[in-house]
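Worksheet: one structure, shown below.
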Amino acid sequence: MKARSLVLALVLVLALIVPSVIQAQDIDTCFGLSESDCEVLNKASGQALMIAENFTMNYGIDLTVTGTPDGDLVFNHTGVGPVAIDATAEFPLSMNLMTDTSFDIAGEADSGAVPFVIYEGILYIQVDEKWGGVNLIEMMNDPEFADQFGMLTDPEALADQFGGDMPEIDEATQEKLMALLSIEGFLNQVRNGDMFEFTVDLGTLIRSPQFSEAITELAAVDESGMAMGVGMLLPMVLQNGVIQVNQRVNSDLGAVDRIEVNIDATINGAMLDPELEEPIVVDFSFWVELSALNDSPVSFEVPADVEMMDPNDANFGF
């Protein structure tokens with residue numbers, strides 16, 4: 001129950017803070033970068049997808065969790081292959097990736113390579129030498145799926161799913177939330193050669209007087225009491241939480257061609273389960289790199305023995 005409440009609390013706070021940040025006019029969104037460096041990054045952001053009709057994508061995901069009652073978890077996933085984007089196509093995305101996954105969950109380990117293809121609106125996956133397919137165009141046009149997918153991008157719908165309601169906040173409360181961005185040590189961005197490194201220190205945020213003041217403001221308009229709950233719970237549960245986002249600017253392309261996301265968190269497990277004596281440590285990293293822009297066409301020979309699957313049967317339902 002405490003874990004469920006923590007999830008809802010995080011959804012609530014993020015849903016309230018993010019719109020306020022977007023509306024802010026006097027916040028330094030360069031977060032410490034010089035004006036010239038900030039301009040370089042802003043111009044390069046998103047440009048790779050604007051100038052490239054296709055590219056080779058190489059990515060990786062690594063997750064390690066220790067200190068849980070069921071044992072440690074180690075998960076690794078990589079993928080590489082061509083990707084193409086055609087905004088005029090019925091389904092705009094095509095790719096032909098070879099993925100490789102390995103995991104070890106409490107001593108239960110497995111690994112393997114899986115081809116992952118999206119071609120002409122059909123998703124193809126080969127598992128145990130058998131090809132399966134899902135019609136993504138039909139799936140996206142399914143009203144039920146559209147509703148489920150839309151919920152993932154709607155904070156109010158997410159709050160309802162977890163059993164809470166989103167409070168309405170006034171201008172004074174928004175100002176309190178925007179002031180959180182100026183907390184020293186919370187947000188910082190530096191340039192290291194071609195790499196722009198953005199750091200978010202959640203520990204600094206939740207232990208600051210400004211955070212307590214913002215929670216008090218939220219509590220005044222939050223009849224559910226969730227805002228006050230998060231103010232009391234987070235500093236005790238989250239011992240350490242640092243998010244770092246690195247973006248590499250390719251000066252020849254004038255575009256970001258590599259993004260890295262690293263998350264390190266230490267959680268007071270005893271607050272979630274009294275029997276836990278050790279902290280829960282979460283290390284997560286994700287990186288993606290684009291290369292061979294406009295020189296990576298996607299091709300795929302559709303297998304004759306593909307078994308088309310219902311999206312729900314293929315575990316694509318949410």
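Rule-based calculations on the coordinates, nothing more; no lab input. Owing to the predicted nature of the structure, the values given are computational and were not obtained by experimental measurement. Glycine gets a Cβ as well: all are built from the backbone with ideal geometry, and neighbour counts include every protein chain shown.
Packing order of peptides 106-112, 231-237, highest average first: 231-237, 106-112 (average count of other Cβ atoms within 10 Å over each peptide's residues).
When a/c is below 1.5 the answer is rounded, else prolate if a/b is larger than b/c, else oblate, so apply that to the range 224-270 with a ≥ b ≥ c taken from the square roots of the Cα gyration tensor eigenvalues. The shape class here is prolate. About the centre of its Cα atoms, the range 235-295 shows a dipole size close to 280 debye [charges on the beta carbon of Lys, Arg (+1) and Asp, Glu (-1) only; nearest 20 debye].
Calculate, in nm to one decimal, what Glu39 and Glu90 gain on full extension: separation in residues at 0.36 nm each, minus their alpha carbon distance.
Here the answer is 14.8 nm.
Assuming R0 = 45 Å, what is the FRET efficiency of Ser299 and Thr216, from their Cβ-Cβ distance, to the nearest 0.05?
Plugging the Cβ-Cβ distance into 1/(1 + (r/R0)^6) gives 0.15.
I need the Debye-formula profile for the range 165-285: one equal scatterer per C-alpha, no solvent, reported as log10 I(q)/I(0) at q = 0.11, 0.12, 0.16 1/Å, two decimals. So the normalised log intensities work out to -0.52, -0.60, -0.91. Peptides 243-251, 43-51 ordered by packing proxy, namely the average of other Cβ atoms within 10 Å per residue, highest first: 243-251, 43-51.
What the pair-distance distribution of the range 39-153 shows, using all Cα-Cα distances binned every 10 Å from zero, is 12, 26, 34, 23, 5 percent. Between Phe116 and Leu73, the contour length at 0.36 nm per residue exceeds the Cα-Cα span by 13.1 nm.
Rounded, prolate or oblate for the range 27-102? Axes are the square roots of the Cα gyration tensor eigenvalues, ordered a ≥ b ≥ c, and the cut-off for rounded is a/c under 1.5. Here the range 27-102 falls in the oblate category. Residue-wise HN-Hα couplings along the range 55-69, as the Karplus relation 6.51 cos²θ - 1.76 cosθ + 1.60 with θ = phi - 60° gives them from phi, are 6, 9, 10, 10, 9, x, 10, 10, 9, 10, 10, 10, x, 7, x Hz; Gly and Pro carry x.
Applying 0.36 nm per residue to the separation of Cys30 and Gln239 and subtracting their alpha-carbon distance, the gain on full extension is 72.5 nm.
For an R0 of 22 angstrom, estimate the FRET efficiency from the Cβ-Cβ distance between Glu307 and Asp142 and round to the nearest 0.05. Between Glu307 and Asp142 the formula returns 0.65.
The alpha carbon gyration tensor of the range 206-248 gives principal lengths a ≥ b ≥ c with a/c of 1.5 or higher and a/b greater than b/c, which makes the shape prolate. Projecting the Cα atoms of Leu177, Met195, Ile215 onto the charge dipole of the range 171-227, computed from C-beta unit charges around the Cα centre, puts Met195 farthest toward the positive end.
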